[in-house]
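The values are calculated or read from the model by the stated rules, or taken from the named source; none is laboratory data. The structure presented is a predicted model; accordingly, all values stated were derived computationally and were not measured. Positions of Cβ are generated from backbone atoms using ideal geometry, with glycine treated the same way; all protein chains shown enter the neighbour counts.
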Amino acid sequence: MAHRCVRKLRLATASSYAHVRPFHSTTSRLDALAVPSAVSSSSTVPREDKFSNTPLGQKTADLRALLQIKSPSPHRVWASYVELLQFYGSSGVPRDIHQGVLRKCSPSAAHLRAVSAKLMEEGGRFRDALLYETRFRDVIRNLRSSGEVPTLEDYHCVLDQFAALGNYVSAMRVLEEITQVGLAKEPETYGLCLRALSYRLTLPIFHIRRPMLVDDITGHCMAILEEMSQDNVAYTPTNVDLAFRILKETLNMQGFAALMKGAYGIDLAYPDRSPLEFWEKQAAESSEDAAEVTLSQRLPTRMPFTCSTLNTALDYLGRAGDVSKMVQLFEVTTNPLPSSTSNPAFNDDEDDDFGVSNPQVAPYSPPHIRPNTTTFHTMLRHIHKARHEVLARHYLLVALEAERNEGRSLREMTRTKLPQEIVSPRVSVTRSLLLSVASLANDNKDVELLRWVTQKTRQTLRRKRRDLDYYIQVRARWMEEGLYQPPALSDAALEGVEEELPLGPTSSRFSSFFSPSSSLSHIDGSSTSSTSAPETKPFDIDLHVNMIRRDLDRLITFEARVDDVLARTVQRIKERLGRRVWGGKNIFLSDVERRLPVSREFWKRNVNFRPLSELRAQSAAPRAGRQSRRPKPSASARAEPALASPQDPPLSPPSASTSASASQGQS
């Protein structure tokens, strides 16, 4: 039986072995490419070429080639990396392989952000974040176990991924690990952590857990700002903007004051003086060992204080309810006082010198900012919330004066300069400015302030009508002289600009997580230069004319609305005080500054008040000939005043003295 089985076995013929290849993991073509042409004919093969011909060397080359692709598959990169670790071990893999896998083992930050937002929009949840976080941790661990230290760029790559998903917990752990490793942190390092904190606040969360989340994120933000201050890390516009967004959630005044002092060198307690840190720096520089002290106590470069920064600071102080500091900051930065260091009488008056600091020790020049329309809108909006009528009236007058000055300057430039040399105006009185004051007057039922707003609205309308006619003529003159050529399809474009122009500053509350964010594009957090918009903009006469037309349309509607509110307020005050007069009670008269009872005839004569019985009799007189009998009003109706119907003609407003007494005589 065994004999038969052995006989059935046949050896393969020689021809069957013709196509058998020796065991090798790669093709002969790749082997040929791996050998340099200069030494291919040499009898001695270099050591590197011998290694590249081995399976282990070929796997390393394949992984390097995979990492050279712009957007390789993250799972394929990770599978090749794991396979290489099985041959090498973590200690044998080159450093560049670890660093390349760290950057290519997950999708880009922009892709992760978009996919996460789309899943949340559909009601789902991005569940691969933990997978990629585990990969980052393994690569960093393998890199450190091989005796190498990860660079700061390696940690920035990981922080960028965490910031795109709002994973602030892991980002703060990475920041702690950077401290433990001993790497010097850069502004971009803190910027990525602040971006993770800021983006997490925009993501949805159960309303009961949100206060705890806000407190936790604010605590991390304060810790980052304190660490930046201790290490003298320079502030960047990106980092300051992110810190403002986080602090606005809790309106933390301590953190805001520290941020203003560290980033812009402005002490909110004394905005017209140099911060105490500057005084210490001057004292250190004037000492004998100034060279050694300034190296350790040198303060970072301060960022320029621009108009957009002023608007953000005013909005923050207004939201916090600190109107006094808001007004103080506005006045100091827009109308700075002359420096007292140039006054020679400062050192002459020594009688009252009881420890008063000499400003010559640390000369300081506060920033001088030209406010714009957004600045006044922010001021008036928060003053309206605080119910300060005097401040509201004052700053509306300031805005009106600023618009007149800007208008005169712009007209002068249109007569003396070329169109490309003209600068766009910064202040324009719009409906939003007048609305804040009118709303405050309506809330307090202040008739005098409502009349004043109506008057200023009409003045603004007249001025804008004149400006519209003037700039239309200027545009026509420039086109005739060949100084200006309107862009193509300008007439059609002007029709749509009216709806595209911004109506005012957007809400500082965070937008939803579906909106685009700065995390989608790379932000250079290491740049210390200001990235804000330029302070001056070129003048576009087409846009300017269209803005005037837009403001005119809205002011006309606003004027009619304010007139209606004023008439309704006056009528209600008349009715309320009329009921006191009809009831025999006293009212306050501003003429005599006393509360006195007045007769019905006196009340009707001075405030043009007519009871319902007289109104009915007046309306029934034209129809008396056509009606044989008309029921008379009851005695109670004649004794009490009532509201006039909307169809009745409007009543004439009372005199100034009567309205003042009416506004103060409410019971």
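I'd like to know if segment 628-641 contains one or more residues that are at pLDDT below 55, touching a Phe, Trp or Tyr at 6+ places or on another chain (Cβ under 8 Å) and over 25 Å from Asp443 (Cα atoms). Yes, there is a match, as at least one residue in segment 628-641 is at pLDDT below 55, touching a Phe, Trp or Tyr at 6+ places or on another chain (Cβ under 8 Å) and over 25 Å from Asp443 (Cα atoms). The residue that is nearest to the chain's Cα centre (by Cα), counting only those in segment 60-92 that are under 15 Å from Ser146 (Cα atoms) and in a loop (DSSP other than H, G, I, E, B), is Ser90. Of all the numbered requirements in (1) over 30 Å from the mean Cα position of the chain (by Cα); (2) more than 17 Å from Val93 (Cα to Cα), Leu165 misses one, and that requirement is (1).
Quick grid of which residues meet (1) surrounded by fewer than 19 Cβ atoms within 10 Å (Cβ to Cβ); (2) small (Gly, Ala, Ser):
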site	(1), (2)
Pro204	yes, no
Arg209	yes, no
Met212	yes, no
Ser229	yes, yes
Tyr235	no, no
Val240	no, no
Phe244	no, no
Asn252	no, no
Gly262	no, yes
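Residues that are over 20 Å from Arg550 (Cβ atoms) and under 29 Å from the mean Cα position of the chain (by Cα) were ranked within segment 406-433; the one that is surrounded by the most Cβ atoms within 10 Å (Cβ to Cβ) is Ile422. Among the residues of segment 375-397, at least one is among the aromatic types (Phe, Trp, Tyr), closer than 17 Å to Thr334 by Cβ and either part of a helix (DSSP H, G or I) or in contact with a His (Cβ under 6 Å, 6 or more places away or on another chain) (or both).
I'm trying to understand the selection: among the residues of segment 570-627, which are polar (S, T, N, Q), in a loop (DSSP other than H, G, I, E, B) and at pLDDT 85 or above?
Initial filter on segment 570-627 (polar (S, T, N, Q)): 571, 586, 590, 599, 606, 608, 613, 618-619, 627.
Restricting the remaining residues to those that are in a loop (DSSP other than H, G, I, E, B) gives 590, 599, 608, 627.
Residue satisfying the conditions is Ser599 alone.
Counted as qualifying within segment 253-336 are the helices (runs of 4 or more DSSP H) with 3 or more residues that are of a type outside the set (D, E, K, R), under 29 Å from His388 (Cα atoms) and modelled with pLDDT of 85 or more, namely 253-264, 307-319, 323-334. Annotation for segment 146-158: at least one member residue is at pLDDT below 90 and β-branched (Val, Ile, Thr). Has segment 159-182 got at least one residue that is small (Gly, Ala, Ser), over 22 Å from Lys104 (Cβ atoms) and surrounded by fewer than 22 Cβ atoms within 10 Å (Cβ to Cβ)? Among the residues of segment 159-182, at least one is small (Gly, Ala, Ser), over 22 Å from Lys104 (Cβ atoms) and surrounded by fewer than 22 Cβ atoms within 10 Å (Cβ to Cβ), which makes the answer yes.
Here the condition is being over 25 Å from Leu543 (Cβ atoms) and either touching a residue at least 40 places away in the same chain (Cβ under 8 Å) or assigned to a helix (DSSP H, G or I) (or both); of Glu412, Glu448, it holds for Glu448 alone. On inspection, Arg125 passes the criterion of being exposed (fewer than 14 other Cβ atoms within 10 Å of the Cβ) and touching a Leu at 6+ places or on another chain (Cβ under 7 Å).
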